[in-house]
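These notes concern the structure reproduced below.
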């Protein structure tokens, strides 16, 4: 079991245990953008999904608010997302910036497997969902990659490009999976062409129009080669 500590806008700090983790995928509202993301992954050898949108259950230890991850190789990258954190009851819901770090080398053999290779990285600031549900479409969602001393914008959009938390709440309820102490990742928006995603560091920010910013920032440390 994991736990996360969130600074809730207007409320203060809150720690929430995480028993269940689900990563949404191919979850854009615009089907052309969804196809663009499928094409991005196809260029890396990743097969197209059979179901759109889709959902990948993860082991519950794969949640982190740390500042670095360790990787066996450099063919891995993040994805700017929001995460929905369900607290003590199914009506106790928060949204926070997140980054889904994925093993792209393993992804060509199975997306579900690749999601188990790295943790979902969560931000610090969160919003109570019932207070911002109507305004959330105006939240910005951006990601930057770092190569050495250079940081470059790789994703730039709004949460309106993704299916809203309400969609996942209803789908999980229908499937009997809407439970307290759950984490749901939103899926991502498209990346800018020509930007190298296999980076030494990632930063993701989600912001409202009042100046509140939820931020994820971490570096990627490549491990030494195995003694084979």
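Show me 148-157, 199-208, 133-142 ranked by packing, highest mean number of other Cβ atoms within 10 Å first.
On the way: 148-157: 14.4, 199-208: 21.4, 133-142: 16.3.
Peptide ranking by packing, descending: 199-208, 133-142, 148-157.
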Apply the a/c threshold of 1.5 to the C-alpha gyration tensor of segment 70-156 and tell me whether it is rounded, prolate or oblate. oblate
How many angstrom separate the Cα center of segment 1-67 from the Cα center of segment 214-228? 19 Å
Just to confirm the number: angle between the C-alpha axis of helix 31-42 and the first principal axis of the chain, 0 to 90 degrees, nearest 10? 30 degrees
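Estimate the FRET efficiency between residue 215 and residue 60 by the formula 1/(1 + (r/R0)^6), using the beta-carbon distance for r and 25 Å for R0, to the nearest 0.05. The partial results should precede the final answer.
Numbers: r = 23 Å, r/R0 = 0.94.
Efficiency, rounded to the nearest 0.05: 0.60.
Just from its helices, what would the mean residue ellipticity at 222 nm be for the chain, if runs of 4 or more DSSP H residues each count -39500 (n - 2.57) and the sum is divided by every residue, rounded to the nearest 500 deg cm²/dmol? Write out the running numbers ahead of the final one.
Values: 5 runs with 35 residues, N = 228.
Mean residue ellipticity, 222 nm, calculated: -4000 deg cm²/dmol.
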Förster radius 41 Å - calculated FRET efficiency between residue 113 and residue 156 (Cβ-Cβ, nearest 0.05): 0.90
Just for the Cα atoms in the chain, what are the lengths along the principal axes, largest first, rounded to whole Å? 48, 37, 34
In degrees, nearest 10, range 0 to 90: what is the angle between the Cα axis of helix 165-174 and the longest Cα principal axis of the chain? 80 degrees
Residues listed by number, segment 86-105, amide nitrogen under 12 Å from residue 13 label point at 7 Å toward C-beta: none
Once both labels are modelled 7 Å past Cα along the beta-carbon direction, what's the residue 36-residue 195 spacing in nm? 1.2 nm
Could you tell me how far the Cα centroid of segment 139-181 sits from the Cα centroid of segment 74-121, in Å? 9 Å
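Bear in mind these aren't lab numbers, they're just calculated from the coordinates by the rules spelled out. This structure is a prediction, so every number in the text was calculated from the model and none was measured. Positions of Cβ are generated from backbone atoms using ideal geometry, with glycine treated the same way; all protein chains shown enter the neighbour counts.
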